[in-house]
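A.B. asks: Structure incoming, see below.
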Amino acid sequence: MMNKHHSELAFTEHKIRKKLNEGKTKKVYELLDCPGQVLIKSKDQITAGNAARKDQMVGKAAISTKTTVSVFRLLQEAGRSWSLRSVEPLPKCLSGPKNLAELRVNRRLRGLIKNTAVRRFINYTDDALEALGQQLDATSRMAWQHRQDDANNDPQWSEEQVIEAHFNCGGLQIERCEVDIMNRTTLAVFEILEKAWATQDCTLVDMKVEFGVCASTKEILLADVIDNDSWRLWPLGDRSLQKDKQVYRDLKEVTPEAMQVVKRNFEWVAEKVQNLLVTNFSKRVVVIMGSSSDLGHGQKIKQACANYGIPCELRISSAHKGTDETLKIKAEYEGDGVHTVFVAVAGRSNGLGPVLSGNTTCPVINCPPISADWGAEDIWSSLRMPSGLGCSTVLFPEAAALFAAQIFGQFDHLVWAKLRANILTNWISLKQADKQLRNM
């Protein structure tokens, strides 16, 4: 992540070495004082139809940058290195890695059926046409790609065409593995943003992303900004309330009054997107340990919870030796409006988890420390519960934190985003390991 000092250097003219590239809405500069970084400067220009229509919208650069900053903060906090480095709210500018080679292929994903999708993909029946606008589940989302080629109006390409083109991007040969990684990453980005926008009663209809390859690490990363030009966004799921660039595309006549409406929509999105970085869902994990000898085990759970942004408290109480005190501690965490998951850390004879489970409506997870002598036998006291109790059992601190995160992730989009990014990271690691094995 680029620090604020380096970000501010970008605004001193003599620190900018040269312009590397210029597109319809951005300019890219090499930075003298920030090795390995480039400055991405947005323009006030808005375009549609491959720039067949283009106009100036004063203030658009700053608005778009503000939107992108919030989007990438959300993605970065999810726990992956996506691409853009600067998360400072700098007017009109962002920073990104210099050694990122663009693939020049746009990936698009649609989560809501629209007329354009019908025309592009499938001959729907009359009944299906009546269902336009219905949400698509994760297994039926529509995805496709376009080759960035202004002269040919960005033609749609199949995955096979991308593979058969034998692109070498940043020293990485683009094959089936790389296409699959882009597919999975597109879906993950879409779902993280979709979940986040849902907290604001907004439907993310579709979006596009662009990819590149980091020449030094051969890692596939997002290669462009994600702003209000990148998606279709419908508040309350109502197309008539759309706030994205489609409003500009749909203008029959571009007038100053119409452009003010478009600008207000962009400003609305830039303000609203900042809400995606916060959650109103209060949560905590409370680890109750049977003795002080379990403290190391409990601290590992607390550390793992921090990776998901979940506060965690450690307490010591024995359900066998001080049942009343255990129930008193439990009661301290009930009724204050903070959603709580209890983790019971007790070996030998685990009475702690069952006592908690039998006296609270909060989820209880057993995570017994395994001893060298009786570990296997001790686990049975956590697995074999009396009837009427439902506490689960995991053996590793990281698993206890993950289980708690999965519980909270059903209600907290920020925790869910970390879980979703982690799934993607694991999948990519396995995909790349399989490719490496096959190429040996």
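A.B. asks: Could you look through the stretch 296-350, keep only residues that are more than 31 Å from the chain's Cα centre (by Cα) and β-branched (Val, Ile, Thr), and pick out the one that is surrounded by the fewest Cβ atoms within 10 Å (Cβ to Cβ)?
C.D. replies: THR323
A.B. asks: Also, I was wondering about something else. Give me the pairs: first residue in the stretch 208-222 and among the hydroxyl-bearing types (Ser, Thr, Tyr), second residue open to solvent by 10 Å² or more (accessible area, probe 1.4 Å) and outside any strand (DSSP E or B), beta-carbon distance under 8 Å, and six or more apart or on different chains, which are they?
C.D. replies: SER216/ASN99
A.B. asks: Turning to a different aspect of this structure: What pairs can you find where one residue is in the stretch 234-249 and farther than 22 Å from GLN56 by Cβ, the other is part of a helix (DSSP H, G or I), and their Cβ atoms are less than 7 Å apart, with a gap of 6+ or different chains?
C.D. replies: So the pair list comes out as TRP234/LEU241; PRO235/LEU241.
A.B. asks: Sticking with this one: Check whether at least one residue in the stretch 23-33 is exposed (fewer than 13 other Cβ atoms within 10 Å of the Cβ) and either of a type in the set (D, E, K, R) or modelled with pLDDT of 80 or more (or both), and report yes or no.
C.D. replies: no
A.B. asks: Give me the pairs, please: first residue somewhere in the stretch 33-51 and under 30 Å from LYS252 (Cβ atoms), second residue anywhere and among the β-branched types (Val, Ile, Thr) and at pLDDT 90 or above, beta-carbon distance under 6 Å, and either six or more positions apart or on two chains.
C.D. replies: As it stands, the answer is SER42/THR65; ASP44/VAL58, since those pairs meet every condition given.
A.B. asks: Considering the stretch 198-240 alone, what residues qualify as being more than 22 Å from LEU424 (Cα to Cα), in a loop (DSSP other than H, G, I, E, B) and charged (D, E, K, R)?
C.D. replies: Hits for the stretch 198-240 are ASP201, ASP227, ASP229, ASP238.
A.B. asks: Further, regarding this structure: When you go through (1) at pLDDT 90 or above; (2) among the β-branched types (Val, Ile, Thr); (3) over 27 Å from HIS413 (Cα atoms) one by one for THR199, which number turns out not to apply?
C.D. replies: The single condition THR199 does not satisfy is (3).
A.B. asks: Now for a separate question. Take the stretch 141-156 and flag every residue that is of a type in the set (A, V, I, L, M, F, W, C) and in contact (Cβ under 8 Å) with a residue 24 or more places away in the chain.
C.D. replies: Scanning the stretch 141-156 gives MET142, ALA143, TRP144.
A.B. asks: How many of the residues in the stretch 241-252 are assigned to a loop (DSSP other than H, G, I, E, B) and surrounded by 15 or more Cβ atoms within 10 Å (Cβ to Cβ)?
C.D. replies: 5
A.B. asks: Any idea how many residues of the stretch 155-190 are open to solvent by less than 40 Å² (accessible area, probe 1.4 Å) and among the acidic types (Asp, Glu)?
C.D. replies: Of the residues in the stretch 155-190, 2 are open to solvent by less than 40 Å² (accessible area, probe 1.4 Å) and among the acidic types (Asp, Glu).
A.B. asks: For PRO368, which of the numbered conditions (1) touching an Asp or Glu at 6+ places or on another chain (Cβ under 7 Å); (2) exposed (fewer than 13 other Cβ atoms within 10 Å of the Cβ) fails to hold?
C.D. replies: (2)
A.B. asks: I'd like the full set of residues that are part of a helix (DSSP H, G or I), open to solvent by 10 Å² or more (accessible area, probe 1.4 Å) and without any contact (Cβ under 8 Å) to a residue 40 or more places away in the chain, limited to the stretch 52-64. Break it down into steps so the answer makes sense when it comes.
C.D. replies: Here is the first cut: in the stretch 52-64, the ones part of a helix (DSSP H, G or I) are 60-64.
From what is left, the residues that are open to solvent by 10 Å² or more (accessible area, probe 1.4 Å) are 62-63.
Hit for the stretch 52-64 is ALA62, nothing else.
A.B. asks: Quick test for you: out of THR139, THR67, THR125, pick the one residue that is modelled with pLDDT of 75 or more and either open to solvent by 80 Å² or more (accessible area, probe 1.4 Å) or closer than 23 Å to LYS263 by Cα (or both).
C.D. replies: THR67
A.B. asks: Can you tell me how many residues within the stretch 70-90 are of a type outside the set (Gly, Ala, Ser), open to solvent by less than 60 Å² (accessible area, probe 1.4 Å), under 21 Å from CYS214 (Cα atoms) and at pLDDT below 90?
C.D. replies: Looking only at that region, the number is 4.
A.B. asks: For the stretch 241-258, which positions are over 21 Å from the mean Cα position of the chain (by Cα) and under 30 Å from GLY79 (Cβ atoms)?
C.D. replies: Of everything in the stretch 241-258, those that are over 21 Å from the mean Cα position of the chain (by Cα) and under 30 Å from GLY79 (Cβ atoms) turn out to be LYS243, LYS245.
A.B. asks: Next question, about the same structure. Which helices (runs of 4 or more DSSP H) sit wholly inside the stretch 311-398 and have at least 2 residues that are within 12 Å of ILE288 (Cα to Cα) and free of Cβ contacts under 8 Å to residues at least 40 places away in the same chain?
C.D. replies: Hits in the stretch 311-398: 323-332.
A.B. asks: Looking at (1) charged (D, E, K, R); (2) without any contact (Cβ under 8 Å) to a residue 40 or more places away in the chain; (3) open to solvent by less than 60 Å² (accessible area, probe 1.4 Å), find the lone condition where GLU271 falls short.
C.D. replies: (3)
A.B. asks: Taking into account only those residues within the stretch 215-240 that are more than 20 Å from the chain's Cα centre (by Cα) and within 29 Å of ILE174 (Cβ to Cβ), which is least open to solvent (accessible area, probe 1.4 Å)?
C.D. replies: ALA215
A.B. asks: Answer with yes or no whether LYS195 is open to solvent by 10 Å² or more (accessible area, probe 1.4 Å) and either assigned to a loop (DSSP other than H, G, I, E, B) or more than 30 Å from PRO97 (Cα to Cα) (or both). Talk me through it step by step, then tell me what you get.
C.D. replies: Working: open to solvent by 10 Å² or more (accessible area, probe 1.4 Å): yes; either assigned to a loop (DSSP other than H, G, I, E, B) or more than 30 Å from PRO97 (Cα to Cα) (or both): no.
For LYS195, the condition - open to solvent by 10 Å² or more (accessible area, probe 1.4 Å) and either assigned to a loop (DSSP other than H, G, I, E, B) or more than 30 Å from PRO97 (Cα to Cα) (or both) - is not met.
The values are calculated or read from the model by the stated rules, or taken from the named source; none is laboratory data. Values in this document were obtained by computation on a predicted structure and should not be read as measured data. Here Cβ is always computed from backbone atoms with ideal geometry, including for glycine, and neighbour counts include all displayed protein chains. Surface accessibility is based on the protein's heavy atoms, side chains included, excluding ligands, DNA and RNA. Shrake-Rupley method; radii C 1.70, N 1.55, O 1.52, S 1.80 Å.
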